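Let me begin by presenting the structure, written as structure tokens, before commenting on it.
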């Protein structure tokens, strides 16, 4: 029974540890029946469906995962991993059902996938760098997030992240960075580019006041670019930059941002505190309590029609070749 799991010492169901050259590919379904867990077992005691720990040269492709009790996929301490053509599915109200969590990892690629869950579609956490996310459709869910970082005063670093050609549809957030007050470390060299929004809440958000806890320090956020965003926002606040009053956010670039309200005749606004923002052709005025540079005033774009959700384009890179293959069709 799900309620008995708390007495067992295991954090994942399918666990792969310190494997080099692993390939998991196929068209099967992994149904974890998380609906039996969400209300009866506390979050810390629920297992992740799939975990890769300390793996190198990994390819995970083509599978569908449904209703994980916790994270659908966790990548921890891995190098050179490609996850592509995946379908991760859970209800919008399912608790803590992240699609893919990445931490302590480098050179990770998430490609051509659909993620519809009750939490972050992708969460990039501490000690991670050189992360590429391309042609991912997210929604429902909480967006593609950096963090959260700095909980409990931790010192954490994330850098060199590229999120391109992604769609946020009906999400609680879109492009998101979240850090806890009192944390240390830094987030830098982050790019969100060519993003389509369909009725998304908070399409652009940097939140250094995550959970509104107190702290004398903050994780430094700098060199973040949001470029070529288009589509509709379900929330009146389309851009939210809530930065730490002492540390601030430096070199935040808004370049060709064209967002309109999904409700006709509803004007959109921004919320900006303690951020150094450089704006180029942005449809929403941004005023900050910090240094602000407008290289061009807010433009008057014609109202675009709401874009239609499309499936991610197939990844054109030749598949990697590794020695071990398997095909899942599991119902747990």
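The values are calculated or read from the model by the stated rules, or taken from the named source; none is laboratory data. Remember, predicted model here, so these are calculated numbers, not experimental data. Here the Cβ is made from the backbone with ideal geometry for all residues, glycine too, and neighbour counts use every protein chain on show.
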Report task. Would you please list the contacts, defined by Cβ atoms under 6 Å and residues six or more apart or on different chains, that run from a residue in segment 27-46 that is in a helix (DSSP H, G or I) to a residue that is surrounded by fewer than 17 Cβ atoms within 10 Å (Cβ to Cβ)? Result -> 45/6
Query raised in the report: For segment 87-104, what are the residues that are within 18 Å of residue 16 (Cα to Cα) and under 15 Å from the mean Cα position of the chain (by Cα)?
Result: 99, 100, 101, 102, 103
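To keep it simple, each residue is scored yes or no on (1) loosely packed, with under 14 Cβ neighbours inside 10 Å; (2) in the same structural domain as residue 160 (by TED's automatic domain parsing); (3) at pLDDT 95 or above; (4) out of contact with any helix residue (DSSP H, G or I) (no Cβ under 8 Å at 6 or more places or on another chain).
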| residue | (1), (2), (3), (4) |
| --- | --- |
| 230 | no, yes, yes, yes |
| 233 | no, yes, yes, yes |
| 247 | no, yes, no, yes |
| 307 | no, yes, no, yes |
| 329 | yes, no, no, yes |
Query - Qualifying positions in segment 141-163 - surrounded by fewer than 21 Cβ atoms within 10 Å (Cβ to Cβ) and more than 19 Å from residue 180 (Cβ to Cβ) - result: 160, 162
Query raised in the report: Hey, does segment 61-76 have a residue that's outside the structural domain of residue 171 (by TED's automatic domain parsing), part of a strand (DSSP E or B), in contact (Cβ under 8 Å) with a residue 60 or more places away in the chain and within 21 Å of residue 165 (Cα to Cα)?
Result: yes
